[in-house]
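Take a look at the structure below.
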Amino acid sequence: MKNKQLAIHQFGDTIDVATQVIESEIPKIGTDEVLVRNQYVGINALYDRELYRGNVPYINVVFPYVYGVEAVGEVIATGKNVSDLKIGDAVSTVKVGTAYQEYQSIPEKDAISIPEATPEYLTLNPTGVSAYLALKNVAELKPEDTIVVSAAAGGLGHIIVQLAKQKGCHVVGICGNEEKVALLNALNSCDRIINHREEDIDTVLSSEFNGKVNVGFDSVGRHMFDAFLKNLAPLGRLVVSGLATEINEGEFEKINAPRVYESIYWKGASVRCFMNHLYKDQHPEARNFLFDQYQKGNLQVKVDPMKFKGIEAIVDASKYLLAGRSCGKVVVAL
Ligand SMILES: NC(=O)c1ccc[n+]([C@@H]2O[C@H](COP(=O)([O-])OP(=O)(O)OC[C@H]3O[C@@H](n4cnc5c(N)ncnc54)[C@H](OP(=O)(O)O)[C@@H]3O)[C@@H](O)[C@H]2O)c1
């Protein structure tokens with residue numbers, strides 16, 4: 001039996017150039033480790049692309065580098081010091097450089113026990129965790145805030161809008177097609193939905209939310225960032241959680257404009273960035289909250305309906321996400 005893996009074998013601009021499917025031995029487990037057969041893996045195509053372009057500063061990519069962050073699966077072997085997990089248990093794992101393979105060995109303490117290895121638990125940990133931590137620590141979201149969210153029907157965005165509504169906020173969700181509008185409607189969390197292909201974001205925000213955006217939550221950048229920045233309320237927070245448009249082009253757009261403080265100084269507003277791995281100490285709190293909300297039926301998890309199967313399909317799933325076609329979280333079944 002072999003372990004099929006998707007690995008970065010050289011840096012490159014596209015997944016086809018930078019990665020290839022390889023096979024290796026099934027990993028041996030240490031005394032404190034478990035062997036997990038991955039059943040679903042989560043696709044973070046925008047982050048992955050920065051990784052295989054060699055642009056993620058805190059990751060040392062040594063070729064061949066098996067990548068992928070999150071998986072859910074089944075424990076199929078346990079080391080002799082493993083005390084809580086047993087063969088057959090479902091677990092969730094989150095670590096850069098572990099997911100895009102059929103089997104992984106992992107310390108027991110890092111394999112989070114879950115009721116079932118489903119795409120929904122895969123979405124909650126870590127995408128939901130990111131949503132929770134970004135709203136708490138960076139957005140500092142308060143009840144009655146007006147929050148505007150870009151890519152609102154995406155993996156991250158659809159959890160953000162629900163958590164914001166739970167908090168008692170006025171929620172504006174931005175998305176890019178009718179299918180995404182339908183997803184947002186089904187969540188019952190947005191007071192206003194803007195399809196940016198039908199309505200101009202800058203015009204809508206300037207006419208309906210001028211100076212009223214307490215939190216702009218942006219994963220897109222460029223024109224979206226500009227429109228959010230322009231319409232921030234006094235003490236408003238513009239959270240940068242992703243840069244989809246910038247990293248799409250390969251290099252950051254150069255603009256000729258006053259420095260960012262010109263827009264925010266008199267409002268006492270701020271521009272802040274979110275980075276999940278810097279809040280590791282709060283991951284358990286976030287996971288417990290999200291699992292509880294999901295199990296109580298207070299949180300919907302939307303998984304993209306497109307079916308992808310097998311390690312090879314990670315390439316297609318990534319291209320699908322990068323084309324902006326996905327709706328909810330993109331997952332691959334192994
Ligand atoms: N900082 C962190 O720690 C952290 C953690 C998790 C995720 N993120 C970031 O959060 C964002 C959302 O991630 P996700 O995995 O949940 O993806 P996603 O939102 O499911 O998919 C990306 C969406 O972004 C929009 N988009 C706009 N311009 C795009 C472009 N040039 N290329 C691709 N998509 C574009 C599209 O939505 P519309 O059609 O609706 O515009 C697209 O469907 C990403 O930028 C990701 O890197 C950051």
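Values quoted throughout were computed directly from the atomic coordinates according to the rules given, and no laboratory measurement underlies them. This structure is a prediction, so every number in the text was calculated from the model and none was measured. For neighbour counting, all protein chains shown are included, and Cβ atoms are generated from backbone atoms with ideal geometry for every residue, glycine included.
Things to note:
- Of Lys165/Lys230; Lys80/Lys302; Lys86/Lys167; Lys136/Lys230; Lys2/Lys309; Lys212/Lys319, pairs whose Cα-Cα distance is over 27 Å: Lys80/Lys302; Lys86/Lys167; Lys212/Lys319
- Within the same chain, aspartates and glutamates fewer than 8 places from Lys267 are excluded, and of the rest, those with a Cα less than 17 Å from its Cα are Glu140, Asp145, Asp226.
- Spatial separation of Cα centroids for region 269-294 and region 73-116, in angstrom: 22 Å
- Charge dipole (region 22-71, unit charges on Cβ, about Cα centre) - positive-most of Tyr65, Leu51, Leu35: Leu51
- Cα-based radius of gyration of region 23-92 once divided by 2.2 N^0.38 Å, which approximates compact folds: 1.33
- Here the convex hull built on the C-alpha positions of the chain has a volume of 130 cubic angstrom per residue.
- Per-residue Cβ neighbour counts within 10 Å put Tyr261, Tyr121, Tyr294, Tyr100 in the sequence Tyr261, Tyr294, Tyr121, Tyr100, beginning with the fewest.
- Exposure proxy shown here: for Val148, Val62, the number of other Cβ atoms within 10 Å sets the order, fewest to most, as Val62, Val148.
- DSSP beta bridges confined to the chain are antiparallel in about 60 percent of cases.
- Loop sites in region 296-334: trypsin sites (Lys or Arg not before Pro), DSSP, at most 14 other Cβ within 10 Å: Lys296, Lys307
- The distance from the alpha carbon centre of region 19-35 to that of region 152-222 is 41 Å, rounded to a whole number.
- Cα-based shape type of region 127-277, given that a ≥ b ≥ c are square roots of the gyration tensor eigenvalues and the cut on a/c is 1.5: rounded
- Within region 144-225, trypsin sites (Lys or Arg not before Pro) in DSSP loop having at most 13 other beta-carbon neighbours inside 10 Å: Arg197
- Neighbour-count order for Met224, Met275, fewest beta carbons within 10 angstrom listed first: Met275, Met224
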